[in-house]
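The values are calculated or read from the model by the stated rules, or taken from the named source; none is laboratory data. Since this is a predicted model, take the numbers as computed values, not measurements. Don't worry about glycine lacking a Cβ; one is built from the backbone with ideal geometry, like all the others, and counts go over all protein chains shown.
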Amino acid sequence: MNITKNIGILNALIRITIGLTVLSWSTAKMVKFPWRDSYLFIAICGAMKVAEGIVRFCPVTALFEKYQEMEQEKPLALGDGSSNGEVDEVLPYNPT
């Protein structure tokens, strides 16, 4: 898998800022309440956002872009099997 930059500079700076804020908040809470595991999970999520901002690669954005490419490549389905290429109009479901 080829990892290329898929987020911009401003988006990266926002991710770094929010990630460091979440990371510092969660580590402060972990010092006060070390028996709670939820703060560790939040700290990991904040660190992940910082890392995404530094390397400028977001895996969720990459998956979304790949899905969009796959949707564009998919051919249109024919409605009734006719060869003229027309697509049938889909009527909304009305139970009344």
Top-ranked residue in the range 1-15 [being among the polar types (S, T, N, Q) and surrounded by 10 or more Cβ atoms within 10 Å (Cβ to Cβ); ranked as nearest to PRO59 (Cα to Cα)]: ASN6
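If a residue must be aromatic (Phe, Trp, Tyr) and under 19 Å from GLU52 (Cβ atoms), how many such residues does the range 23-41 contain?
Going through the range 23-41, the residues aromatic (Phe, Trp, Tyr) turn out to be 25, 33, 35, 39, 41.
Checking the rest, the ones that are also under 19 Å from GLU52 (Cβ atoms) come to 25, 41.
Total meeting the criteria: 2.
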Among (1) surrounded by 12 or more Cβ atoms within 10 Å (Cβ to Cβ); (2) in a helix (DSSP H, G or I); (3) at pLDDT below 95, the one test that LEU78 misses: (2)
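I'd like to verify a number: residues in the range 43-52 that are over 14 Å from the mean Cα position of the chain (by Cα) and within 14 Å of LEU10 (Cα to Cα), how many?
First pass over the range 43-52, keeping only residues over 14 Å from the mean Cα position of the chain (by Cα): 43-44, 46-47, 50-51.
When the remaining residues are screened for being within 14 Å of LEU10 (Cα to Cα), the result is 50.
Residues flagged as over 14 Å from the mean Cα position of the chain (by Cα) and within 14 Å of LEU10 (Cα to Cα) within the range 43-52 amount to 1.
State yes or no: is ILE7 free of Cβ contacts under 8 Å to residues at least 60 places away in the same chain and assigned to a helix (DSSP H, G or I)? If you could, list the steps in order and put the result at the bottom.
Values: free of Cβ contacts under 8 Å to residues at least 60 places away in the same chain: yes; assigned to a helix (DSSP H, G or I): no.
No; evaluated as a whole, the condition is false for this residue.
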Test for ILE18: is it under 30 Å from GLU65 (Cα atoms), surrounded by 12 or more Cβ atoms within 10 Å (Cβ to Cβ) and modelled with pLDDT of 95 or more: yes
